[in-house]
1. With respect to residue 109, determine if the residue is surrounded by fewer than 15 Cβ atoms within 10 Å (Cβ to Cβ) and assigned by TED's automatic domain parsing to the domain that holds residue 192.
2. Can you pull out the residues in the stretch 177-219 that are over 23 Å from residue 136 (Cα atoms) and part of a helix (DSSP H, G or I)?
3. Can residue 93 be described as within 30 Å of residue 73 (Cβ to Cβ), modelled with pLDDT of 90 or more and not assigned by TED's automatic domain parsing to the domain that holds residue 289?
4. Have a look at 198, 194, 222 and point out the one that is surrounded by 17 or more Cβ atoms within 10 Å (Cβ to Cβ), over 30 Å from residue 162 (Cα atoms) and modelled with pLDDT of 95 or more.
5. Here is a list of conditions, (1) within 28 Å of the chain's Cα centre (by Cα); (2) assigned to a loop (DSSP other than H, G, I, E, B), and residue 253 meets all of them except one; can you say which number that is?
6. In the stretch 263-290, how many residues are surrounded by 14 or more Cβ atoms within 10 Å (Cβ to Cβ) and under 24 Å from residue 160 (Cα atoms)?
7. For a quick check of your reading of the model, give me the residue pairs whose first member lies in the stretch 147-162 and is not assigned by TED's automatic domain parsing to the domain that holds residue 199, whose second is part of a helix (DSSP H, G or I) and surrounded by fewer than 14 Cβ atoms within 10 Å (Cβ to Cβ), with beta-carbon atoms closer than 7 Å and at least 6 apart or on different chains.
8. Can you name every residue in the stretch 240-250 that is in contact (Cβ under 8 Å) with a residue 12 or more places away in the chain and surrounded by fewer than 13 Cβ atoms within 10 Å (Cβ to Cβ)?
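The values are calculated or read from the model by the stated rules, or taken from the named source; none is laboratory data. Everything numeric in this text was worked out from a predicted model, so none of it was measured. Here the Cβ is made from the backbone with ideal geometry for all residues, glycine too, and neighbour counts use every protein chain on show.
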């Protein structure tokens, strides 16, 4: 795999797409506001010679909404609600325009109904944007994995669930071996691409219900619900082998060897999450001292 900077297979591109979706969304909202202002002005200044232009004109927000069905914005519940409110606004605008064109008085109740729809649209639009920003706040921008702040609340929840259900739960720390040497030899841009490649490799080797996070620097963490120590070791060994098998190279074809060391510990009622993390960290560094590129479980020492 060539470590070219525009490798779109890596998960960090998803984060960039969220930003791109937000930018397109904001442009669409601006277009809708412009349309609404033009329509309102045309109705206020209506005369017999006026054309019912703004109410009949095509709104660019419709183009955005119709094209956003596969974007991250469409995953939020408020997306469908916003689309319906947008259609309701246009339907009401056409009704009011029709009344004006027919020489009928546009009543206060007409404007109040329109204002209620516009306010509901604005509130829902703001909520949708907050949802997108909230998603970005929980994601590591480089790798597309969950970040450390999100990780802690999730691990506390998994520990509590493990205790309540009487099921085991393990955590694994992952540290890329000799990562400073990668940066020093190939440069930090290649180092960043290695991080993304490893993150993607981990994503493809975890079980469907496992959760990955970027722990910091060249370290990752995987939460393994319902996994005993034995099962956790098997999952981490699969991850270790997959990373060691990565065929990475610079854009110029120079090989970039990558391996990682893993430390495993269990979450339990007797330990805080922080103490379990310390145990996983101890196990990881036991593996480093033993030669790297291996999986080690905390042994109680």
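1. Details: surrounded by fewer than 15 Cβ atoms within 10 Å (Cβ to Cβ): yes; assigned by TED's automatic domain parsing to the domain that holds residue 192: no.
Considered against the rule, which asks whether it is surrounded by fewer than 15 Cβ atoms within 10 Å (Cβ to Cβ) and assigned by TED's automatic domain parsing to the domain that holds residue 192, residue 109 comes out as no.
2. Across the stretch 177-219, the qualifying residues are 179, 180, 181, 182, 183, 184, 185, 186, 188, 190.
3. In short, yes.
4. Details: 198 fails: over 30 Å from residue 162 (Cα atoms); 222 fails: over 30 Å from residue 162 (Cα atoms).
Only one candidate passes the filter, namely 194.
5. Among (1) within 28 Å of the chain's Cα centre (by Cα); (2) assigned to a loop (DSSP other than H, G, I, E, B), residue 253 violates only (1).
6. Within the stretch 263-290, the subset surrounded by 14 or more Cβ atoms within 10 Å (Cβ to Cβ) is 263-268, 271, 273, 276-288.
After this cut, where a residue has to be under 24 Å from residue 160 (Cα atoms) as well, the list is 263-268, 271, 273, 276-283.
Final tally of qualifying residues: 16.
7. The qualifying pairs do not exist here.
8. Of the residues in the stretch 240-250, the ones in contact (Cβ under 8 Å) with a residue 12 or more places away in the chain are 240, 242-244, 246-250.
247 - this is the single residue of the stretch 240-250 that is in contact (Cβ under 8 Å) with a residue 12 or more places away in the chain and surrounded by fewer than 13 Cβ atoms within 10 Å (Cβ to Cβ).
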